[in-house]
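J.: This is the structure, below, for whatever I ask next.
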Amino acid sequence: MEKIQFKCELLSDIVLNDSSATEGKRRSLDFIPGNNFLGIVAAQLYKETNDDAWNIFHSGKLRFGDAHPSADNRRGLRIPASIYHPKLQGMENSCYIHHLTKHNDDIRAMQLKQCREGFYIYDQNKKSATEITVNKDFSIKSAYDSDMRRAKDSQMFGYEALCKGLIMYFTVEIEEESKQYKDEIIKALSGNHHIGRSRSAQYGWVEITECSFEEIETTKQSISIDGKQYVTVYADSRLIFLDKNGNNTFQPCPEDLGIEDPNAEIDWTLSQIRTFQYAPWNYKRQAFDADRCGIEKGSVFLVRTSAGIPPEKTPEKTVGCYQNEGFGHIIYNPVFLQGDEDGLSHFKFCKQKETVSNCQATEVNSSLIQFLKKKKKDAEDQNIIIKEVNKFVEQNKKLFSQDLFASQWGSIRALAMAYNDEEKLKKVIGCDEQGNPDKKQGYINHGVAAERWNERGRQKVLEDFLKNPQFKGHLQEAVINLASEMAKICKS
C-alpha cells in the first residue's frame, strides 16, 4: 500500500450539510468527507478506466481519506470522546482519560464533562494538543422564480458554510493493484475544483496540491487496567459496520476492528461511542440511497486482549464498509489516549490564539444594516444604563430612605421627560454645564427639600451620576430610569 498526502485550501466558503433534510436548521460539517475527492477523480478517470473501474473506485483498494482542519504541517484529529474536563473549567487546566480515571469521590465532585467538538493537532515531542478554530458563516438565500424574474414566495433558506482560507490535509491510499493509476490520480486531484453544495454560485472553490505532513501513527503500546491488557482503537474517520444479516450495527465485534484474537472482547463500559445517521443523495439516479448508520469519528473502543496487534496488521488501519469514501480509518493505541495512574492526560490541551481561517466580513452599507447596527448600539447603551442605575440604587438607597424623597424623585423624572437637551437637563436639576453645584438655580437647590439634598452628600452622588461619560447621548433615559427606581425605594 502506498500513501499520497494532499493539502486542500478553501478559496471560497464551502457548504457541506451534515444532513440531507431540507427543513429545519442545517449545520455544516467541519471536515470534507473523502467521497468528495473520490467524485473529483471518478469524474475524470471513470470512463478511461472502464475495465478496472470496479477495482479502482468501488473495491476499497483506492481509499480517499477525509480532509481535516490542520495547521503547522500537522493533520488535525477530532477530539477523542474519552477526553473529559472538570465542569465550569477549561480544558487548559486539566483533562482526564475516561478509561484510566478512577471514579472516586474527588473525581465525582469535579463533575467531569465530555469533550465532543473540535479538531486538535498533537505535538508528541512537547506533549501538547492545540485546538484548530474552524470559522463558519451563515447566509440567508432565496429560491429564484425564473418565470416571474424575482424571488419565489415562501422559499427562504439558510446556508452554514466553512469560511475560506481554511487549510485541510487528507491522504489517498493506493493498493498494489491500482498503483499503475497513481500519476493519473495525482493529476486529477491537483488544481482547482468545486466541492459541496451550491457550486454554481459563490461556494465550493478549493485548491488541492500534493504535499507532505505529519500524522499520528499506530503504536504497539497497549495499556493495563486492573491487571488486564487493552488495545485502544481510535476512530480517525467515521465507521460503518454490517452484521451477519447485512444490517447496520453499532456494536461491532473485535474482529471488525482488526483484532484477530478469538478471546478478545470489547469493554463497552470503558469505551466512548457516538453515532450518526444520514441518507446520501445519488446524483446519477436523482434519489436518496439507503440510510447509513455508523459510529462517529472521535469514538474510542477499549478491546480486552492479550494478543495485542498482529504485526502484519499494523500498517492496515482501515476497517468496515465504504472504505473507498473515507470511512473506516482507525488508529491503534494513539499516544494522546495515554495518561498517568490518576487518569490525567499526558498531553496539555490548549486553545489556539489565532484562527487558521482568514474569513473577512464584507462591509455592507445598506439601510437595513445601518438600522440593525443602530439597534445593536442602542441595546448596548441600554445595558450600560441599567447596570449604572442598579449600581447607584444599591450603593445609595440608604441615603434616600425617606418618604419625602419619593416626591422629589418623581419631580426629577418629570423634568427629565420634559428636557432632552443634556446640558439643559443638568441645569434644571441643579448642575451647570461643568457639572458643578449651582446654588442659584436648579430644582434640588430650592424649596423645602434643598437642605436635605445638601445633607450626607446626597447632592454630590447625584452630580457624579449626571457626570458619568457613559451616558453621553442617553442622559435623559438614564435619569428617567434612575428616578423611577429611586422613587420605588423611597416608598418601600
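J.: With a 1.4 Å probe and every protein chain left in place, tell me how much accessible area residue 350 has, in Å² to the nearest 10.
T.: We get 40 Å² for residue 350.
J.: Using θ = phi - 60° and the Karplus form 6.51 cos²θ - 1.76 cosθ + 1.60, what ³J(HN,Hα) does each residue of segment 373-382 get, whole Hz, x for Gly and Pro?
T.: Values per residue, Gly and Pro as x: 5, 5, 4, 5, 5, 4, 5, 5, 5, 4 Hz.
J.: Determine which aspartates and glutamates satisfy two conditions relative to residue 317: a Cα distance under 15 Å, and not lying fewer than 8 residues away in the same chain.
T.: Within reach: 2, 66, 173, 175, 215, 217, 236, 255, 256, 260, 325.
J.: While we're on this one: What does segment 202-335 give for Rg and for Dmax, in Å, if only its C-alpha atoms count?
T.: 16.9, 58
J.: Using 1/(1 + (r/R0)^6) with R0 = 30 angstrom and r between the beta carbons of residue 217 and residue 286, what's the FRET efficiency to the nearest 0.05?
T.: After rounding, the FRET efficiency stands at 0.10.
J.: What ³J(HN,Hα) values, in whole Hz, does the Karplus curve 6.51 cos²θ - 1.76 cosθ + 1.60 give for segment 219-225 when θ = phi - 60°, with x put for Gly and Pro?
T.: Karplus-based 3J(HN,Hα) across segment 219-225 equals 10, 9, 7, 6, 10, 10, 10 Hz.
J.: Just by accessible area at a 1.4 angstrom probe, what is the order of 281, 268 from largest to smallest?
T.: 281, 268
J.: What FRET efficiency do you get for residue 374 and residue 145 if R0 is 25 Å and r is their Cβ-Cβ distance, rounded to the nearest 0.05?
T.: Efficiency, rounded to the nearest 0.05: 0.15.
J.: For the modelled label position 7 Å from the Cα of residue 321 along Cα-to-Cβ, which residues of segment 223-243 have backbone nitrogen atoms closer than 16 Å?
T.: 238-243, by backbone N distance to the label point.
J.: Give me the extension gain from residue 108 to residue 306: residue separation times 0.36 nm, minus the current Cα-Cα distance, reported in nm with one decimal.
T.: Taking 0.36 nm per residue and subtracting the Cα distance, the gain is 68.2 nm.
J.: Using +1 on the beta carbon of Lys and Arg, -1 on that of Asp and Glu, and nothing else charged, what's the dipole of the chain about the Cα centre, debye to 20?
T.: Dipole of the chain, to the nearest 20 debye: 2380 debye.
J.: If I take R0 = 60 Å and measure r between the Cβ atoms of residue 229 and residue 407 in this structure, what FRET efficiency does the formula 1/(1 + (r/R0)^6) give, to the nearest 0.05?
T.: With R0 = 60 Å, the Cβ-Cβ based efficiency is 0.15.
J.: Given a 1.4 angstrom probe, what's the average accessible area per residue across the chain, in square angstrom?
T.: Spelled out: the 1.4 Å probe surface of the chain, per residue, equals 53 Å².
J.: Turning to a different aspect of this structure: Find the eigenvalues of the gyration tensor of the Cα atoms of segment 51-117, then list the square roots of 5 times those eigenvalues as equivalent ellipsoid semi-axes, largest first, in whole angstrom.
T.: For segment 51-117, the semi-axes come out at 40, 15, 8 Å.
J.: Quantify, in whole percent, the carbon and sulfur part of the accessible surface of the chain (1.4 Å probe; protein heavy atoms only).
T.: After summing per-atom areas, the C and S share lands at 47 percent.
J.: Candidates (i) 241; (ii) 131; (iii) 159; which is the computed volume of the Cα convex hull per residue in Å³?
T.: It is the one labelled (i).
J.: Toward the positive end of the charge dipole of the chain, about the Cα centre and with charges on Cβ (Lys, Arg +1; Asp, Glu -1), which of 5, 233, 478 goes farthest?
T.: Final value for the positive-end residue is 478.
J.: Now for a separate question. Taking a probe of 1.4 angstrom, what is the accessible area of residue 148 in Å², to the nearest 10?
T.: 120 Å²
J.: A further question follows. For residue 190 paired with residue 386, estimate the spin-label separation in nm (one decimal), with each label point 7 Å from Cα along the Cα-to-Cβ line.
T.: According to this spin-label approximation, the distance is 5.9 nm.
J.: Tell me which residues come under 5 Å, amide H to amide H, from residue 266 once H is placed; ignore anything under 5 positions away on its chain.
T.: It is 304, by chain and number.
J.: Of 401, 484, which has the most accessible area with a 1.4 Å probe, and how do the rest follow in descending order?
T.: 401, 484
J.: In debye to the nearest 20, how big a dipole does segment 86-180 give about its Cα centre with +1 on each Lys and Arg Cβ and -1 on each Asp and Glu Cβ?
T.: 440 debye
J.: Compute the distance from the alpha-carbon center of segment 44-88 to that of segment 460-487, in whole Å.
T.: 61 Å
J.: If you don't mind, there's one more thing I want to ask. Once you place label points 7 Å from the Cα toward the Cβ at residue 423 and residue 340, how far apart are they in nm?
T.: It works out to 6.7 nm between the two label points.
The values are calculated or read from the model by the stated rules, or taken from the named source; none is laboratory data. As the structure is a computational prediction, the values presented were derived from the model and not from experiment. Every residue, glycine as well, gets a Cβ built from its backbone with ideal geometry; the counts of neighbours run over all protein chains shown. Side chains are part of the model used for accessible areas, which takes the heavy atoms of the whole protein and leaves out ligands, DNA and RNA. Shrake-Rupley method; radii C 1.70, N 1.55, O 1.52, S 1.80 Å.
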